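Accompanying notes for the structure given below.
The values are calculated or read from the model by the stated rules, or taken from the named source; none is laboratory data. Computed from a predicted structure; not experimentally measured. Note that we place each Cβ from the backbone using ideal geometry, even for glycine, and neighbour counts take in every protein chain shown. Side chains included, ligands, DNA and RNA excluded: accessible areas come from the protein's heavy atoms. Shrake-Rupley method; radii C 1.70, N 1.55, O 1.52, S 1.80 Å.
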Amino acid sequence: MIYCGIDWAEKHHDVALIDDTGQLLAKRRVTDDAAGYRLLLDLLAEYGDTEDDPIPIAIETSRGLLVAALRQGNRKVFAINPMAAARYRDRHGASRKKSDPGDALVLANILRTDMPMHRPLPADTDLARAIAVLARAQQDATWNRQQIANQVRSLLREYYPAALDAFARWTNGLCRPEALELLKLAPTPSQAARLTRAQLRSALKRAGRSRGIEGEADRLREVFRGDYASQPQLVEDALGKQVFALLRQLEAACLAADELAEAVEESFLQHPDAKVILSFPGLGMQLGARVLAEIGDDRQRFVDARGLKAYAGSAPVTRTSGKKHHVGRRMVKNDRLNHAGYLWAFSALRSSPGADAHYRRRREQGDWYAAAQRHLFNRLIGQLYHCLQAGELFDEHIAFPSELATAA
């Protein structure tokens with residue numbers, strides 16, 4: 001058996017090949033380009049790498065062109081956590097010295113000694129990996145949009161409270177096209193107070209509003225002309241310029257989030273697992289795509305539902321030492337899947353009577369809000385694992401038989 005370890009870097013990669021006894025067979029430094037990848041694959045083929053019997057590879061990353069080149073065929077690529085690799089490094093030397101060739105040798109020895117303890121990269125389809133790219137990008141764009149909106153809101157509180165009162169009744173507030181158009185038209189309260197009804201109506205129409213324009217224009221004019229505290233004029237104008245600059249970023253973030261949401265929906269509906277995922281209460285297009293992006297479509301990735309629950313961070317972890325026994329929430333998890341799980345559980349409360357009854361029963365037993373929600377997510381994701389494995393749709397009466405009977 002031959003094992004390969006690769007210490008990757010931005011411009012070059014160090015490669016080490018060892019046998020079952022730990023004997024170093026070959027070491028090489030390859031460049032991070034197509035020529036370097038071909039040299040690496042030729043080196044692996046020289047030491048017995050074939051399509052039917054590929055050499056397993058350990059590397060400290062799960063993405064990039066190098067990983068894409070290595071994942072061709074049936075080869076198993078193990079993404080080793082850098083913190084775990086650092087612990088293994090201490091087994092080979094007391095001086096804690098670090099070098100790129102030495103790290104490649106450490107990674108190869110990790111597979112030689114503890115390969116069953118590490119999980120290879122899942123064999124997801126190209127469509128599932130494309131959905132993962134889009135869903136994660138849309139999630140990042142949504143977080144970025146909210147962060148910029150919070151900055152705008154915090155700045156408006158310092159000099160422009162009328163704008164916050166004017167947009168408070170709108171869903172999504174500062175991220176709405178009407179709010180962006182009005183703030184670009186009047187970035188300071190002095191300018192907003194001078195707006196006429198005609199200007200307000202035109203701004204609402206440019207933002208895409210088609211109904212209730214007259215009444216909304218009158219309401220906005222009344223709010224903008226209300227009695228509010230104000231900054232000195234020079235300071236107010238400076239803050240207005242700062243808000244105007246942030247509005248450009250917010251507008252771009254809103255556009256990116258919306259375009260990525262459309263791309264996610266288009267790709268997600270093409271996947272055969274979409275029908276099963278969308279049958280679950282609380283899972284829509286975007287949230288369902290995020291769940292699929294993190295669990296993938298490799299049916300062999302998780303041995304059972306317990307593995308998926310631990311990966312999602314919904315299953316509790318038990319630590320026992322002597323007389324001490326502690327059961328707590330899991331800190332090491334897939335953060336994106338865990339975040340989607342809380343949104344999923346929250347949405348399921350309104351669309352599933354069984355989920356709502358399950359949540360209320362946990363609350364009555366003494367669970368806090370987050371604990372009860374995490375317990376509901378733990379049950380839902382276990383059911384999702386079963387449905388994906390069996391190719392079945394969600395059934396409310398099978399999923400929550402006791403909760404439905406109690407609720408009835």
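Suppose the filter is assigned by the TED database to the domain that holds Leu182, β-branched (Val, Ile, Thr), part of a helix (DSSP H, G or I) and open to solvent by 60 Å² or more (accessible area, probe 1.4 Å); does Val235 pass it? Explain how you work it out, then say what you get.
Details: assigned by the TED database to the domain that holds Leu182: yes; β-branched (Val, Ile, Thr): yes; part of a helix (DSSP H, G or I): yes; open to solvent by 60 Å² or more (accessible area, probe 1.4 Å): yes.
It is true that Val235 is assigned by the TED database to the domain that holds Leu182, β-branched (Val, Ile, Thr), part of a helix (DSSP H, G or I) and open to solvent by 60 Å² or more (accessible area, probe 1.4 Å).
If Phe346 passes every condition in (1) open to solvent by less than 70 Å² (accessible area, probe 1.4 Å); (2) touching a residue at least 40 places away in the same chain (Cβ under 8 Å); (3) of a type outside the set (S, T, N, Q); (4) in a helix (DSSP H, G or I) but one, which one does it miss?
Result: Phe346 passes all but (1).
In the range 256-283, what count of residues is obtained for those that are assigned to a loop (DSSP other than H, G, I, E, B), farther than 16 Å from His386 by Cβ and touching a residue at least 40 places away in the same chain (Cβ under 8 Å)?
3
Quick check on my filter: what residues within the range 349-358 are open to solvent by 30 Å² or more (accessible area, probe 1.4 Å) and touching a helix residue (DSSP H, G or I) at 6+ places or on another chain (Cβ under 8 Å)?
Result: Leu349, Arg350, Pro353, Asp356.
For residues that are open to solvent by less than 60 Å² (accessible area, probe 1.4 Å), closer than 13 Å to Ala163 by Cα and in a helix (DSSP H, G or I), tally how many sit in the range 185-232.
The number of residues fulfilling the criteria is 9.
Give Ala162, Ala193, Ala203, Ala168 a once-over and let me know the one that is in contact with a Pro (Cβ under 6 Å, 6 or more places away or on another chain) and either in the same structural domain as Gln231 (by the TED database) or of a type in the set (S, T, N, Q) (or both).
On inspection, the qualifying residue turns out to be Ala162.
Taking the stated definitions as given, is Glu158 modelled with pLDDT under 95, surrounded by fewer than 14 Cβ atoms within 10 Å (Cβ to Cβ) and more than 30 Å from Met285 (Cβ to Cβ)?
yes
Which of the following residues is within 29 Å of the chain's Cα centre (by Cα) and polar (S, T, N, Q): Thr50, Thr61?
Unique residue meeting the criteria: Thr61.
Assess whether His326 counts as being in a helix (DSSP H, G or I) and either free of Cβ contacts under 8 Å to residues at least 24 places away in the same chain or out of contact with any Leu (no Cβ under 8 Å at 6 or more places or on another chain) (or both).
no
Give the residues of the range 307-323 that are free of Cβ contacts under 8 Å to residues at least 12 places away in the same chain and either assigned to a loop (DSSP other than H, G, I, E, B) or farther than 30 Å from Gln270 by Cβ (or both), sorted by residue number. Write out each step before concluding.
Taking the range 307-323 first, the residues free of Cβ contacts under 8 Å to residues at least 12 places away in the same chain are 307, 318-323.
Thr318, Arg319, Thr320, Ser321, Gly322, Lys323, listed by residue number.
Report yes if Gln139 is open to solvent by less than 40 Å² (accessible area, probe 1.4 Å), among the polar types (S, T, N, Q) and at negative phi, otherwise no.
Details: open to solvent by less than 40 Å² (accessible area, probe 1.4 Å): yes; among the polar types (S, T, N, Q): yes; at negative phi: yes.
Yes.
Would you mind telling me which numbered condition in (1) assigned to a helix (DSSP H, G or I); (2) touching a residue at least 60 places away in the same chain (Cβ under 8 Å); (3) surrounded by 20 or more Cβ atoms within 10 Å (Cβ to Cβ) Leu182 fails?
Checking Leu182 against (1) assigned to a helix (DSSP H, G or I); (2) touching a residue at least 60 places away in the same chain (Cβ under 8 Å); (3) surrounded by 20 or more Cβ atoms within 10 Å (Cβ to Cβ), the one that fails is (2).
Quick check, is Ala84 under 17 Å from Ala104 (Cα atoms), more than 25 Å from the chain's Cα centre (by Cα) and in the same structural domain as Pro101 (by the TED database)?
no
Take the range 238-276 and flag every residue that is under 17 Å from Gly296 (Cα atoms) and open to solvent by less than 20 Å² (accessible area, probe 1.4 Å).
If the condition is that a residue be under 17 Å from Gly296 (Cα atoms) and open to solvent by less than 20 Å² (accessible area, probe 1.4 Å), then Val264, Phe268, His271, Asp273, Ala274, Val276 are the ones that fit.
Quick check: anything in the range 301-324 under 27 Å from Pro116 (Cβ atoms), touching a His at 6+ places or on another chain (Cβ under 6 Å) and either surrounded by fewer than 21 Cβ atoms within 10 Å (Cβ to Cβ) or modelled with pLDDT of 95 or more (or both)?
The answer is yes; a qualifying residue exists.
Under 19 Å from Val133 (Cα atoms), within 12 Å of the chain's Cα centre (by Cα), open to solvent by 40 Å² or more (accessible area, probe 1.4 Å) and in contact (Cβ under 8 Å) with a residue 12 or more places away in the chain: which single residue out of Arg336, Arg290 fits that description?
Of Arg336, Arg290, the one residue that is under 19 Å from Val133 (Cα atoms), within 12 Å of the chain's Cα centre (by Cα), open to solvent by 40 Å² or more (accessible area, probe 1.4 Å) and in contact (Cβ under 8 Å) with a residue 12 or more places away in the chain is Arg336.
Need the failing condition index for Gln151 against (1) surrounded by 14 or more Cβ atoms within 10 Å (Cβ to Cβ); (2) assigned by the TED database to the domain that holds Leu41, just the number.
(2)
List the pairs whose first member sits in the range 121-150 and is closer than 18 Å to Met285 by Cβ, whose second member is of a type in the set (Asp, Glu), and whose Cβ atoms are under 7 Å apart, counting only residues at least 6 apart or on separate chains?
Correct list of pairs: Ala128/Asp297.
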